[in-house]
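*Asks:* Just passing along the structure, written as structure tokens.
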Amino acid sequence: MKYVPDLIPEQARVLPDYFKSQPVLAKAKSKFYNVLLWILGVYFYCLALACLLQPLLLLLFAAIGTLLLPPGQRYLERRLRLRFTPWAKTIVCLLLLFCALPLLKKHLADDVLPTDKPQALSAAGTQPTQPEKPQPIQPAKPGHADKQDSLQYYIRRSNELSKQHKTAAAIKLLEQAAPFAENAAAQSLLQKELTGLRTRHAGALVQSGQYKAALPLISQLLDADPDNKQLLVQRAMCYSKTGKIEEAVNELKPLLQSGNEDAEKLHNKINPVRKRVVGYETLCCDGSTSNARGRGACSHHGGVCDWNQPIYEEYRKYE
């Protein structure tokens, strides 16, 4: 039903002022409140500009700043056709801020590089009170710490980075420990740790689909350990994913002869068994076959059911 205004003449109306809507009086806001909103809004816009390389943080902080600024609030109310009460605006801003804090914490953690040195461990376990500019770890000077302790420190730090899925940084860090490996035992330990980190890094590259980047690293590892079956399968997979199917098959052949299950699965996937017709034969009705083509064929086997039964041969594209 549609409302028709002025349907009743003015002089015939009963209680003419009864149905008039009273104007909604908005509660006047203090000047301090408006100034506070402007300060907070500008502050969150500055945070948004500081996170230009993080699109999600940029959007969250910009949304909070827009909602806090009075012109932004009026724009949102006009576009969304609603009214933000102080409580509603506070709740929305807090929700957006709670969503932004974990992302901001992760962003700040990613920007901090490992900068603690071996001599920092001897300072009674205390941490520096002021943040230092990230710098690559340099070999400790003679006399500051024993070389064996320094080597163990580098190994321990690289393992911590590896557990945080920062294998590339762990490899670079451990490579800096070469000056501390002064004897054959220390050099063997360092090489063993480096090989393990590089193997894990290569596996992570393969799992993430970075096959071209993983190929040279796997080849370098196989030069030192040519019989490593896991690395051979990973290199064959990299070959297959980069379009080198024949190289992948050749890589898998020695593993197939030894009965490696992973190699067999990959080989059947990249070089499956195919069938082709190599000839025809006569199929008798009892299921037997015959090479006879003329009259009397399959006379003792129930007659002929198919004169041209195809003969298939299984083969692989890459033998």
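Readers should treat all values here as calculations from the given coordinates under stated rules, not as data from a laboratory. Every value quoted in this text rests on a predicted model; they were computed, and no experiment measured them. Here the Cβ is made from the backbone with ideal geometry for all residues, glycine too, and neighbour counts use every protein chain on show.
*Asks:* Compute the projected area of the convex hull of the Cα atoms of segment 209-265, averaged over all viewing directions, and report it in nm² to one decimal place.
*Replies:* Spelled out: convex hull of the Cα atoms, projected over all directions, averaged, 3.6 nm².
*Asks:* Next question, about the same structure. What is the fewest-to-most order of Ile64, Ile311 by other Cβ atoms lying within 10 Å of their Cβ?
*Replies:* Starting with the residue having the fewest Cβ neighbours, the order is Ile311, Ile64.
*Asks:* From zero up to wherever the largest Cα-Cα distance of segment 274-315 sits, split into 10 Å bins and tell me the percent of pairs in each.
*Replies:* Result returned by the calculation: 33, 45, 19, 3.
*Asks:* For segment 199-319, what percent of Cα pairs sit more than 22 Å apart?
*Replies:* More than 22 Å apart: 52 percent of the Cα pairs in segment 199-319.
*Asks:* Across segment 150-243, what fraction of all alpha-carbon pairs, as a whole percent, falls in each successive 5 Å bin from zero upward?
*Replies:* Bin by bin from 0 Å, the calculated values are 2, 14, 23, 20, 18, 13, 6, 2, 1.
*Asks:* I need His301, His165 ordered by Cβ neighbour count within 10 Å, fewest first.
*Replies:* His165, His301
*Asks:* Quick check: residue separation of Lys265 and Val35 times 0.36 nm, minus the Cα distance between them. What number comes out in nm?
*Replies:* Contour length minus Cα-Cα distance gives 75.9 nm.
*Asks:* Let me ask another. Using a 10 Å cut-off around each Cβ, can you sort Arg74, Arg198 from fewest to most neighbouring Cβ atoms?
*Replies:* Arg74, Arg198
*Asks:* While we're on this one: In µm²/s, what is D for segment 30-107 at 25 °C and 0.890 mPa s, where D = kT/(6 pi eta Rh) by Stokes-Einstein and Rh is the Kirkwood radius from Cα pairs?
*Replies:* For the chosen part, D equals 191 µm²/s.
*Asks:* What length, rounded to one decimal in nm, is gained on full extension from Ala12 through to Lys172, with 0.36 nm per residue of separation minus their alpha-carbon distance?
*Replies:* In short, 48.3 nm is gained.
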